[in-house]
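The values are calculated or read from the model by the stated rules, or taken from the named source; none is laboratory data. Given the structure is predicted, the values throughout are model-derived calculations rather than measurements. Note that each Cβ is placed from the backbone with ideal geometry, even for glycine, and that neighbours are counted across all protein chains shown.
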Amino acid sequence: MHVEIRWHGRGGQGAWTASNLIAMAAALEGLYVQSFPAFGAERSGAPMLAFTRISDQPIEYHSMIYEPDVVVVLDHTLLYPDVKQGLKKGGAVVTNYLGNKDMVLKRLGVERGEYKIIAIPASKLALEILRANITNTAMIGGLLKLGDIIKWESVEKAVRLRFKGSIAEKNIELIRKAYEEAVEV
C-alpha cells in the first residue's frame, strides 16, 4: 500500500492539521507516514498546500507530491482544473462543495467517471457544528468515504490525541456528519 495525498487550502483553514491527523491515524495502524506543508511568507487566507504520504514500506524520499493518488480541496474557491495537476489516472478528488454536482465537474474541467470525485458541504457543516468555517476535519470524512486509506477507529483516536474535550468531540461529530453527507459526483 502506498497512498499520496495533496491538500489544497488557504492559510488558517487547517490543511496541514488535517494532513497531520491522517498521518497520525495511519501511524496508529502501524504504517509509515509523512506529513508536511508547502507555504512561504503568505498571510492567512493565501492558497497553500499540504502533503500526506502513507505506506506499508519505509518512505525513502522527501519531496513534495507531484503525482497524488488523492487531491483534497478544503476551499471551494480553489476548485479549478489546476488542483488536479499530476493526479494519477483513476485518482480521486475530495472537495468542499455545496451545489450542483455538474458544476463540480465543470469547475474541475473533467468528465463524469474520469476521476472518483467526492463532494462534501464542508463549510455548511463546519458552521453548524463548530460555529466556524474550518473545514479540515470535515474533509477527513470524505477521505473515509473513499475507503481503504485509513480506518475510522484510527481517525477517531488521532482526533482525541490531537484535541481534547468538547473540541475533540465536535470534530469527531463533524467528520461523521461529513461522511454521511458526502456524495460521489
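Yes or no: residue 85 modelled with pLDDT of 95 or more and either more than 16 Å from residue 158 (Cβ to Cβ) or surrounded by fewer than 19 Cβ atoms within 10 Å (Cβ to Cβ) (or both)?
no
Kindly indicate whether any position in region 136-153 is under 24 Å from residue 98 (Cα atoms), in contact with a strand residue (DSSP E or B) (Cβ under 7 Å, 6 or more places away or on another chain) and of a type in the set (Ser, Thr, Tyr).
Within region 136-153, none of the residues are under 24 Å from residue 98 (Cα atoms), in contact with a strand residue (DSSP E or B) (Cβ under 7 Å, 6 or more places away or on another chain) and of a type in the set (Ser, Thr, Tyr).
Is region 143-155 home to any residue that is in contact with a Ser or Thr (Cβ under 9 Å, 6 or more places away or on another chain), at pLDDT below 95 and crowded, with 17+ Cβ neighbours inside 10 Å?
No, region 143-155 contains no residue that is in contact with a Ser or Thr (Cβ under 9 Å, 6 or more places away or on another chain), at pLDDT below 95 and crowded, with 17+ Cβ neighbours inside 10 Å.
Failed condition for residue 79, given (1) under 26 Å from residue 160 (Cβ atoms); (2) in contact with a Ser or Thr (Cβ under 7 Å, 6 or more places away or on another chain), with all others met?
Status for residue 79: all satisfied but (1).
What residue, among those in region 1-21 that are among the aliphatic types (A, V, I, L, M) and outside any strand (DSSP E or B), is surrounded by the fewest Cβ atoms within 10 Å (Cβ to Cβ)?
1
Can you name every residue in region 130-163 that is of a type in the set (A, V, I, L, M), closer than 11 Å to residue 178 by Cβ and out of contact with any Lys or Arg (no Cβ under 8 Å at 6 or more places or on another chain)?
Listed by number, the residues that qualify are 139, 140, 143, 144.
With the requirement that a residue be over 19 Å from residue 45 (Cα atoms), among the charged types (D, E, K, R) and not in a loop (DSSP other than H, G, I, E, B), what does region 70-101 give you?
84, 101
Residues that are in contact (Cβ under 8 Å) with a residue 24 or more places away in the chain, in a strand (DSSP E or B) and over 19 Å from residue 21 (Cβ atoms): does region 118-135 have at least one?
Yes, some residue in region 118-135 is in contact (Cβ under 8 Å) with a residue 24 or more places away in the chain, in a strand (DSSP E or B) and over 19 Å from residue 21 (Cβ atoms).
Looking at region 105-113, can you tell me whether even one residue there is in a helix (DSSP H, G or I), in contact with a Leu (Cβ under 9 Å, 6 or more places away or on another chain), within 23 Å of residue 35 (Cβ to Cβ) and of a type outside the set (A, V, I, L, M)?
no
Can you tell me how many residues within region 49-98 are among the charged types (D, E, K, R), without any contact (Cβ under 8 Å) to a residue 40 or more places away in the chain and more than 22 Å from residue 13 (Cβ to Cβ)?
3
Which is in a loop (DSSP other than H, G, I, E, B) and in contact with a Gly (Cβ under 8 Å, 6 or more places away or on another chain), of 67, 60? Steps first, answer last, please.
Numbers: 60 fails: in contact with a Gly (Cβ under 8 Å, 6 or more places away or on another chain).
After ruling out the rest, the residue left standing is 67.
Assess whether residue 124 counts as being within 28 Å of residue 45 (Cβ to Cβ) and under 15 Å from the mean Cα position of the chain (by Cα). First the steps, then the outcome.
Details: within 28 Å of residue 45 (Cβ to Cβ): yes; under 15 Å from the mean Cα position of the chain (by Cα): no.
Judged against the criteria, residue 124 is not a match.
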